[in-house]
1. Sort 148-157, 168-177 for me by packing, meaning the mean count of neighbouring Cβ atoms within 10 Å per residue, highest on top.
2. Work out the charge dipole of region 1-149 with +1 on the Cβ of Lys and Arg and -1 on the Cβ of Asp and Glu about the Cα centre, then indicate which of ALA128, VAL103, VAL149 is farthest towards its positive end.
3. Amide H to amide H, which residues 5 or more places from ALA215 or on other chains are under 5 Å from it, using H placed in the peptide plane?
4. Per residue of region 94-108, in order, report the coupling 6.51 cos²θ - 1.76 cosθ + 1.60 (Karplus, θ = phi - 60°) as ³J(HN,Hα) in whole Hz, putting x for Gly and Pro.
5. For a label point 7 angstrom out from the Cα of ALA140 toward its Cβ, which stretches of region 166-210 have the backbone nitrogen within less than 16 Å?
6. Hey, which aspartates and glutamates would be in cross-link range of LYS158, C-alpha to C-alpha under 13 Å, not counting anything within fewer than 8 residues on its own chain?
7. Please work out whether region 1-54 counts as rounded, prolate or oblate from its C-alpha gyration tensor, where a ≥ b ≥ c are the square roots of the eigenvalues and a/c under 1.5 means rounded, while otherwise a/b larger than b/c means prolate and anything else oblate?
8. Give me the one-decimal nm value for the distance between modelled label points at ASP172 and ALA192, 7 Å along each residue's Cα-to-Cβ direction.
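The values are calculated or read from the model by the stated rules, or taken from the named source; none is laboratory data. Quick caveat: nothing in here was measured; it's all calculated off a predicted structure. Every residue, glycine as well, gets a Cβ built from its backbone with ideal geometry; the counts of neighbours run over all protein chains shown. Side chains are part of the model used for accessible areas, which takes the heavy atoms of the whole protein and leaves out ligands, DNA and RNA. Shrake-Rupley method; radii C 1.70, N 1.55, O 1.52, S 1.80 Å.
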Amino acid sequence: MIGTMSVRVVVREARVSTSSADLALLDAGERDRAERKRETAPFVTGHALVRRLLADLLDRDPASLAFARRCTTCGSDAHGKPSVLDAPGWHFSLSYTPSVAVVAATEGTDVGVDVEDLTDADFDGFAAATLARHEVEGFAGLAGHELLVARARVWARKEAVLKATGHGLVVDPAEVLVSGPLDPPALVDWQAEEPRPAAITIADVELASEDHRAAVAVLTDEPVEIVGQQA
(Lines give C-alpha, C1' and ligand atoms only; values in the text may rest on other atoms or scores of the structure.)
Protein backbone atom coordinates (compact mmCIF):
# COMPACT_ATOMS: atom_id res chain seq x y z
CA MET A 1 0.00 0.00 0.00
CA ILE A 2 1.37 3.42 -0.96
CA GLY A 3 1.54 5.84 1.96
CA THR A 4 -0.25 9.17 1.84
CA MET A 5 1.99 12.08 0.91
CA SER A 6 1.99 15.11 3.18
CA VAL A 7 2.88 18.75 2.59
CA ARG A 8 5.69 19.98 4.83
CA VAL A 9 5.10 23.39 6.38
CA VAL A 10 7.99 24.97 8.25
CA VAL A 11 6.77 27.31 10.98
CA ARG A 12 8.94 29.66 13.02
CA GLU A 13 7.85 31.81 15.96
CA ALA A 14 9.57 34.75 17.65
CA ARG A 15 8.78 37.18 20.44
CA VAL A 16 8.68 40.76 19.22
CA SER A 17 11.72 42.78 20.26
CA THR A 18 13.52 45.99 19.36
CA SER A 19 16.56 44.43 17.72
CA SER A 20 19.08 46.39 15.67
CA ALA A 21 20.15 43.08 14.10
CA ASP A 22 16.59 42.56 12.83
CA LEU A 23 16.41 46.06 11.39
CA ALA A 24 19.75 45.60 9.62
CA LEU A 25 18.33 42.69 7.60
CA LEU A 26 15.50 44.74 6.08
CA ASP A 27 15.78 46.51 2.74
CA ALA A 28 15.03 50.21 2.23
CA GLY A 29 11.41 49.60 1.26
CA GLU A 30 10.74 47.50 4.34
CA ARG A 31 12.32 50.12 6.58
CA ASP A 32 10.13 52.82 5.05
CA ARG A 33 7.05 50.69 5.65
CA ALA A 34 8.17 50.01 9.23
CA GLU A 35 8.49 53.73 9.93
CA ARG A 36 4.91 54.29 8.82
CA LYS A 37 3.61 51.76 11.35
CA ARG A 38 2.25 52.94 14.68
CA GLU A 39 4.35 50.19 16.28
CA THR A 40 7.51 49.41 14.33
CA ALA A 41 8.88 46.50 16.39
CA PRO A 42 6.30 43.84 15.33
CA PHE A 43 6.82 44.67 11.65
CA VAL A 44 10.60 44.59 11.95
CA THR A 45 10.65 41.36 13.98
CA GLY A 46 8.24 39.67 11.58
CA HIS A 47 10.01 40.62 8.37
CA ALA A 48 13.42 39.74 9.78
CA LEU A 49 11.94 36.38 10.81
CA VAL A 50 10.76 35.82 7.23
CA ARG A 51 14.22 36.57 5.90
CA ARG A 52 15.97 34.26 8.37
CA LEU A 53 13.62 31.34 7.75
CA LEU A 54 13.77 31.62 3.95
CA ALA A 55 17.53 32.08 4.07
CA ASP A 56 17.84 28.83 6.03
CA LEU A 57 15.58 26.98 3.58
CA LEU A 58 17.24 28.41 0.46
CA ASP A 59 20.81 28.55 1.79
CA ARG A 60 21.13 32.27 1.12
CA ASP A 61 22.10 35.46 2.91
CA PRO A 62 18.90 36.75 4.59
CA ALA A 63 19.72 40.38 3.73
CA SER A 64 20.08 39.50 0.03
CA LEU A 65 16.52 38.23 -0.45
CA ALA A 66 14.15 40.29 -2.59
CA PHE A 67 10.37 40.17 -2.60
CA ALA A 68 7.42 41.02 -4.85
CA ARG A 69 3.72 41.47 -4.14
CA ARG A 70 0.67 40.60 -6.22
CA CYS A 71 -2.98 41.18 -5.33
CA THR A 72 -5.19 38.18 -6.09
CA THR A 73 -8.25 40.40 -6.54
CA CYS A 74 -7.01 43.32 -8.68
CA GLY A 75 -3.61 42.15 -9.92
CA SER A 76 -1.76 45.16 -8.47
CA ASP A 77 1.90 44.76 -7.50
CA ALA A 78 1.62 47.59 -4.95
CA HIS A 79 -0.02 45.35 -2.35
CA GLY A 80 -1.25 41.80 -1.88
CA LYS A 81 0.33 38.42 -1.22
CA PRO A 82 4.15 38.54 -1.09
CA SER A 83 6.55 36.12 -2.79
CA VAL A 84 10.32 35.72 -2.74
CA LEU A 85 12.10 36.41 -6.04
CA ASP A 86 14.39 33.86 -7.69
CA ALA A 87 12.95 30.99 -5.64
CA PRO A 88 10.28 29.38 -7.84
CA GLY A 89 7.96 27.06 -6.01
CA TRP A 90 8.53 28.50 -2.54
CA HIS A 91 5.68 30.21 -0.71
CA PHE A 92 5.48 31.92 2.67
CA SER A 93 3.10 33.81 4.92
CA LEU A 94 3.68 36.13 7.89
CA SER A 95 1.41 37.11 10.77
CA TYR A 96 2.17 39.10 13.90
CA THR A 97 0.60 40.67 16.97
CA PRO A 98 2.22 43.36 19.15
CA SER A 99 4.17 40.62 20.98
CA VAL A 100 4.53 37.56 18.71
CA ALA A 101 5.46 36.96 15.07
CA VAL A 102 4.87 33.70 13.19
CA VAL A 103 5.97 32.77 9.67
CA ALA A 104 5.15 29.65 7.65
CA ALA A 105 6.83 28.44 4.45
CA THR A 106 6.07 25.64 1.99
CA GLU A 107 7.41 24.40 -1.31
CA GLY A 108 5.00 23.73 -4.16
CA THR A 109 1.76 25.23 -2.88
CA ASP A 110 0.39 28.43 -1.36
CA VAL A 111 0.26 28.77 2.41
CA GLY A 112 -1.35 31.16 4.85
CA VAL A 113 -0.61 31.60 8.56
CA ASP A 114 -2.39 33.63 11.20
CA VAL A 115 -1.68 34.25 14.88
CA GLU A 116 -4.16 35.77 17.30
CA ASP A 117 -3.71 37.16 20.81
CA LEU A 118 -6.37 35.84 23.19
CA THR A 119 -7.07 39.34 24.47
CA ASP A 120 -7.97 40.52 20.96
CA ALA A 121 -10.84 38.02 20.93
CA ASP A 122 -12.27 39.48 24.14
CA PHE A 123 -15.08 41.68 22.82
CA ASP A 124 -18.87 41.36 22.83
CA GLY A 125 -19.32 41.64 19.07
CA PHE A 126 -17.00 38.74 18.20
CA ALA A 127 -19.75 36.46 16.88
CA ALA A 128 -21.34 39.15 14.71
CA ALA A 129 -17.98 40.23 13.27
CA THR A 130 -16.42 36.83 12.70
CA LEU A 131 -18.88 33.94 12.71
CA ALA A 132 -21.64 32.67 10.45
CA ARG A 133 -24.92 31.94 12.21
CA HIS A 134 -24.35 28.17 12.10
CA GLU A 135 -20.92 28.53 13.72
CA VAL A 136 -22.18 30.21 16.91
CA GLU A 137 -23.46 26.97 18.45
CA GLY A 138 -19.92 25.57 18.50
CA PHE A 139 -19.13 28.00 21.33
CA ALA A 140 -22.07 27.00 23.54
CA GLY A 141 -21.08 26.37 27.15
CA LEU A 142 -17.68 28.02 26.86
CA ALA A 143 -16.76 30.94 29.11
CA GLY A 144 -13.76 32.83 30.45
CA HIS A 145 -10.35 31.67 29.29
CA GLU A 146 -11.79 28.67 27.41
CA LEU A 147 -14.02 30.97 25.38
CA LEU A 148 -11.12 33.25 24.43
CA VAL A 149 -9.02 30.25 23.39
CA ALA A 150 -11.89 28.95 21.26
CA ARG A 151 -12.45 32.31 19.61
CA ALA A 152 -8.76 32.85 18.86
CA ARG A 153 -8.42 29.34 17.44
CA VAL A 154 -11.37 29.70 15.05
CA TRP A 155 -10.38 33.25 14.09
CA ALA A 156 -6.85 32.10 13.24
CA ARG A 157 -8.21 29.28 11.07
CA LYS A 158 -10.40 31.68 9.09
CA GLU A 159 -7.66 34.26 8.58
CA ALA A 160 -5.15 31.56 7.59
CA VAL A 161 -7.55 30.41 4.86
CA LEU A 162 -7.95 33.95 3.51
CA LYS A 163 -4.17 34.46 3.53
CA ALA A 164 -3.60 31.19 1.68
CA THR A 165 -6.11 32.12 -1.02
CA GLY A 166 -4.79 35.69 -1.19
CA HIS A 167 -8.23 37.22 -0.61
CA GLY A 168 -7.40 38.84 2.71
CA LEU A 169 -9.94 41.43 3.79
CA VAL A 170 -11.80 41.24 0.46
CA VAL A 171 -13.76 38.29 1.88
CA ASP A 172 -15.72 38.61 5.12
CA PRO A 173 -14.46 36.04 7.69
CA ALA A 174 -18.09 35.23 8.47
CA GLU A 175 -18.38 33.88 4.90
CA VAL A 176 -15.59 31.37 5.55
CA LEU A 177 -17.06 28.62 7.71
CA VAL A 178 -14.60 26.45 9.57
CA SER A 179 -14.98 23.60 12.04
CA GLY A 180 -15.82 24.34 15.65
CA PRO A 181 -13.12 25.14 18.21
CA LEU A 182 -13.28 21.66 19.76
CA ASP A 183 -13.17 19.86 16.39
CA PRO A 184 -10.24 19.11 14.06
CA PRO A 185 -9.56 22.12 11.79
CA ALA A 186 -11.31 22.07 8.42
CA LEU A 187 -13.05 24.35 5.92
CA VAL A 188 -16.74 23.50 6.25
CA ASP A 189 -18.33 25.92 3.79
CA TRP A 190 -17.46 28.90 1.57
CA GLN A 191 -20.25 31.49 1.21
CA ALA A 192 -18.29 34.30 -0.46
CA GLU A 193 -18.88 35.41 -4.06
CA GLU A 194 -15.20 34.86 -4.86
CA PRO A 195 -14.40 31.33 -6.08
CA ARG A 196 -13.90 28.71 -3.38
CA PRO A 197 -10.39 27.19 -3.30
CA ALA A 198 -10.32 23.88 -5.16
CA ALA A 199 -8.48 22.24 -2.25
CA ILE A 200 -7.42 23.41 1.20
CA THR A 201 -6.11 21.82 4.38
CA ILE A 202 -6.03 23.63 7.73
CA ALA A 203 -3.85 22.78 10.71
CA ASP A 204 -3.62 24.32 14.16
CA VAL A 205 -0.10 25.35 15.21
CA GLU A 206 1.30 24.75 18.69
CA LEU A 207 3.08 27.88 19.93
CA ALA A 208 5.47 28.58 22.76
CA SER A 209 3.37 31.68 23.47
CA GLU A 210 0.50 30.37 25.60
CA ASP A 211 -1.46 33.61 25.25
CA HIS A 212 -1.76 33.17 21.46
CA ARG A 213 -3.31 30.68 19.04
CA ALA A 214 -2.24 30.12 15.42
CA ALA A 215 -3.21 28.13 12.36
CA VAL A 216 -1.92 27.44 8.86
CA ALA A 217 -3.90 26.77 5.70
CA VAL A 218 -2.40 25.17 2.59
CA LEU A 219 -3.96 24.97 -0.86
CA THR A 220 -3.81 21.19 -1.05
CA ASP A 221 -6.00 18.19 -0.27
CA GLU A 222 -3.02 16.34 1.21
CA PRO A 223 -2.32 16.12 4.96
CA VAL A 224 -0.08 18.86 6.38
CA GLU A 225 3.04 18.19 8.44
CA ILE A 226 4.02 21.09 10.69
CA VAL A 227 7.75 21.41 11.31
CA GLY A 228 8.27 23.88 14.14
CA GLN A 229 11.34 26.04 14.53
CA GLN A 230 11.47 28.63 17.29
CA ALA A 231 13.69 31.67 16.93
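1. 148-157, 168-177
2. VAL103
3. Placed amide hydrogens put ASP114, VAL205 under 5 Å from ALA215.
4. 10, 9, 8, 10, x, 10, 9, 10, 9, 10, 10, 9, 9, 10, x
5. Only 180-183 pass the distance filter.
6. Candidates past the 8-residue exclusion: ASP114, GLU116, GLU135, ASP172, GLU175, ASP189, ASP204.
7. Prolate.
8. Result: 1.3 nm between the two label points.
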